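The values are calculated or read from the model by the stated rules, or taken from the named source; none is laboratory data. None of these values were measured; they are calculated from a predicted model. Note that we place each Cβ from the backbone using ideal geometry, even for glycine, and neighbour counts take in every protein chain shown. Ligands, DNA and RNA are excluded from the accessible area calculation, which covers all protein heavy atoms including side chains. Shrake-Rupley method; radii C 1.70, N 1.55, O 1.52, S 1.80 Å.
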Amino acid sequence: MDNRVILFDTTLRDGEQALTASLSVHEKLQIAQAIERLGVDIIEAGFPVSSPGDFQSVQAIAKTVKNSIVCGLSRAVEADIKACADALSVADQFRIHTFISTSDVHVQQKLRKGFDDVEAMAVHAVKYARQFTDDVEFSCEDAGRTPIDNLCRMVESAIKAGATTVNIPDTVGYTIPNEFGGIISQLFNRVPNIDQAVISVHCHNDLGLAVANSMAAVQAGARQVEGTINGIGERAGNCSLEEIAMIIKTRHDLLGVNSGINHQEIARTSKLVSQLCNMPVQPNKAIVGSNAFSHSSGIHQDGMLKAANTYEIMTPESVGIAKTKLNLTSRSGRHVIKHRMESLGYQESDYNLEELYNDFLALADKKGQVFDDDLEALLFNIQQQGEQEYYHLATMNVQCGVGEFATAGIKLISGDSSQIVSATGNGPVDSLYQAIKQAVDIEFEVSDYKISNKGAGEDGLGKADLVVAWQGRNFHGYGLATDVIEASGQALIHCLNSIHRAQTIAEIKEQKKESQV
Ligand code: KIV
Ligand code: ZN
């Protein structure tokens, strides 16, 4: 049996489904490129028929990503499959992933059909998808709860119809490792044409077993594992891909399988996904949690000083966590910044050195020492500015004190015009937000607001994460600055720019409709 395990990333599809605010095309592209650098084999970029925004982002990713196969999801109906093919046809190679439920509860209660009809729909969908590409994946939704005879029958029919990968999802995270591995073994024993497709697994984490179930399936012969970065996804999430990659590497002695992952890209991919998706990673999360490589107990620290492998089964460097924390100051030159970025895993082609250096100097002037986390935060900030901005906070002045109303004065640029506005509020952020609200013609509600420390130490960069609701949709925005009030202002401006883009798209659609009448 082939010892290569194909890794399939669905952060932008299953993962994105679970976010409070959807990602912009620009953010999805950034994540897709990071996942490509990570060495993932297949990137499921979205569900093209679900919205024009999803279609557009799948298309943009298919155009840009070259080293991973880009895939789109479709129900087992022609319109969905056609939308996938249309969005993906710009890619050199692409995969269409089509699915239908196979468990009794889904077939009877959700689809209200008989199993024969569902099987016929699956066969038709696979054959139809094969008209657009030779790379077709079929998923038996809720396979974990599907009677084994039905599952064997469906897998055999899907392969006969032309599916090149057949995916066995534990959609509701119900099975336990022995049981799930057993399902895969039975498929290998009972489906006569099983050798003509790659058997894949897609496990959810409702009982905290997604990774364990996926690994049991690999031991039973599955050769594709689906998952997401940081395990984000529906409900308790999906199988965490970075955990799978590190299990395969660390326990090669036992498992004898490999993946194509560039392990040193793990830490920064995880950080990017966490930041853009507004999904913090728990400190004790395996592989990418902030405590994953810290040792607190005196006995452990003593052991580590004597020999790291007393308590460490993998090194932080192996997942891309840099060891040396060099302190940079305004006296550090460009070459030092470039060298530091290289040791953090960033090539010069990933960023504009001049731009980063100017931001670095401005930060070094404000806070003296600049740390690795600060540098990464500056780069993150620059990458967010890739999109054309309509609103821009040119100046702000906020005054507050205990027992007094806070006052904010701002100059806001909106397209070609600008306004100077002032407002009061029950605190500095409230006064700033009241002033911005007066200057824009958008009725929004702040539904979530968080401040966190991004750089190191008490003078590190502050990050504001904001979720704003507008016309039934949520928009996530963030801002980074040494001053948390300024970061809060930037976060709101970021949300307003996303709302402005959504308004423009809605207007264009309306005009198109009118011109067709
Ligand atoms: O969990 C699931 O069953 C899915 C399928 C669409 C693969 O996400
Ligand atoms: Zn899923």
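When region 355-389 is filtered for residues that are under 20 Å from the mean Cα position of the chain (by Cα), surrounded by fewer than 16 Cβ atoms within 10 Å (Cβ to Cβ) and either under 17 Å from Gly333 (Cβ atoms) or charged (D, E, K, R) (or both), only Glu387 remains. When the residues of region 243-261 are filtered to those that are over 16 Å from Ile6 (Cβ atoms) and assigned to a helix (DSSP H, G or I), the one that is least open to solvent (accessible area, probe 1.4 Å) is Met246. Failed condition for Asn67, given (1) open to solvent by less than 10 Å² (accessible area, probe 1.4 Å); (2) closer than 25 Å to Asn258 by Cα, with all others met? Exception for Asn67: condition (1). Consider region 28-50 and keep the residues that are open to solvent by less than 10 Å² (accessible area, probe 1.4 Å) and either part of a loop (DSSP other than H, G, I, E, B) or of a type in the set (Asp, Glu) (or both). The one that is farthest from Ser89 (Cα to Cα) is Val40. The listed residues are Ile148, Ile168, Ile176, Ile184, and the only one of them that is aliphatic (A, V, I, L, M), over 32 Å from the mean Cα position of the chain (by Cα) and more than 27 Å from Asp86 (Cβ to Cβ) turns out to be Ile148.
Of all positions in region 102-111, at least one carries a residue that is buried (at least 24 other Cβ atoms within 10 Å of the Cβ) and within 16 Å of ligand 2 (Cβ to nearest atom).
Of the set (1) within 26 Å of the chain's Cα centre (by Cα); (2) without any contact (Cβ under 8 Å) to a residue 24 or more places away in the chain, all apply to Asn352 but (2).
From the set of residues in region 391-409 that are of a type in the set (Val, Ile, Thr) and without any contact (Cβ under 8 Å) to a residue 60 or more places away in the chain, which is nearest to Asp465 (Cα to Cα)?
Within region 391-409, the first condition is being of a type in the set (Val, Ile, Thr), and the residues that meet it are 395, 398, 402, 407.
Okay, now just the ones that are also without any contact (Cβ under 8 Å) to a residue 60 or more places away in the chain, so 395, 402, 407.
Numbers: Thr395: 20, Val402: 25, Thr407: 22 Å.
Top of the filtered list is Thr395.
Okay, residues lined up against (1) within 16 Å of ligand 2 (Cβ to nearest atom); (2) within 23 Å of Thr504 (Cβ to Cβ):
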residue	(1), (2)
Gly15	yes, no
Val25	no, yes
Ala34	no, no
Ile61	no, yes
Ile69	no, no
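For every residue, the table says whether it meets (1) more than 25 Å from Glu16 (Cα to Cα); (2) surrounded by 17 or more Cβ atoms within 10 Å (Cβ to Cβ); (3) among the small types (Gly, Ala, Ser).
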position: Tyr449; (1), (2), (3): no, no, no
position: Gly460; (1), (2), (3): yes, yes, yes
position: Gly472; (1), (2), (3): no, no, yes
position: Asp483; (1), (2), (3): yes, no, no
position: Ser488; (1), (2), (3): no, yes, yes
position: Leu492; (1), (2), (3): no, yes, no
position: Asn497; (1), (2), (3): no, yes, no
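When the residues of region 1-26 are filtered to those that are of a type outside the set (S, T, N, Q), open to solvent by less than 10 Å² (accessible area, probe 1.4 Å) and part of a helix (DSSP H, G or I), the one that is farthest from ligand 1 (Cβ to nearest atom) is Leu12.
Among the residues of region 218-229, those identified as in contact (Cβ under 8 Å) with a residue 40 or more places away in the chain and more than 16 Å from Glu44 (Cα to Cα) are Val218, Gly221, Ala222, Arg223. Of all the listed residues (Leu412, Leu375, Leu393), the sole one being modelled with pLDDT of 85 or more, aliphatic (A, V, I, L, M) and part of a helix (DSSP H, G or I) is Leu375.
If you check Thr171, Thr146, Thr165, which single one turns out to be within 16 Å of ligand 2 (Cβ to nearest atom) and out of contact with any helix residue (DSSP H, G or I) (no Cβ under 9 Å at 6 or more places or on another chain)? Give the steps one after another, and end with the answer.
Values: Thr171 fails: out of contact with any helix residue (DSSP H, G or I) (no Cβ under 9 Å at 6 or more places or on another chain); Thr146 fails: out of contact with any helix residue (DSSP H, G or I) (no Cβ under 9 Å at 6 or more places or on another chain).
Among Thr171, Thr146, Thr165, only Thr165 is within 16 Å of ligand 2 (Cβ to nearest atom) and out of contact with any helix residue (DSSP H, G or I) (no Cβ under 9 Å at 6 or more places or on another chain).
Contact map, region 299-319: first residue within 18 Å of His252 (Cβ to Cβ), second residue acidic (Asp, Glu) and part of a helix (DSSP H, G or I), Cβ cut-off under 8 Å, separation 6 or more or different chains; pairs are Val319/Glu242. Restricting Met279, Met314 to residues that are part of a loop (DSSP other than H, G, I, E, B) and open to solvent by 50 Å² or more (accessible area, probe 1.4 Å) narrows the list to Met279. Can you say whether Ala212 is within 16 Å of ligand 1 (Cβ to nearest atom) and in a helix (DSSP H, G or I), as far as the supplied structure shows? Answer is no for this residue.
Just one residue in the set Ile96, Ile176, Ile159 is hydrophobic (A, V, I, L, M, F, W, C) and either within 16 Å of ligand 2 (Cβ to nearest atom) or touching a Cys at 6+ places or on another chain (Cβ under 6 Å) (or both); that residue is Ile96.
Looking at Arg235, Arg251 in this structure, which one is among the charged types (D, E, K, R), over 18 Å from Phe8 (Cβ atoms) and either away from ligand 1 (no atom under 16 Å from the Cβ) or not assigned by TED's automatic domain parsing to the domain that holds Asp41 (or both)? Please lay out each step first, then the result.
Numbers: Arg235 fails: either away from ligand 1 (no atom under 16 Å from the Cβ) or not assigned by TED's automatic domain parsing to the domain that holds Asp41 (or both).
That would be Arg251, the only listed residue that is among the charged types (D, E, K, R), over 18 Å from Phe8 (Cβ atoms) and either away from ligand 1 (no atom under 16 Å from the Cβ) or not assigned by TED's automatic domain parsing to the domain that holds Asp41 (or both).
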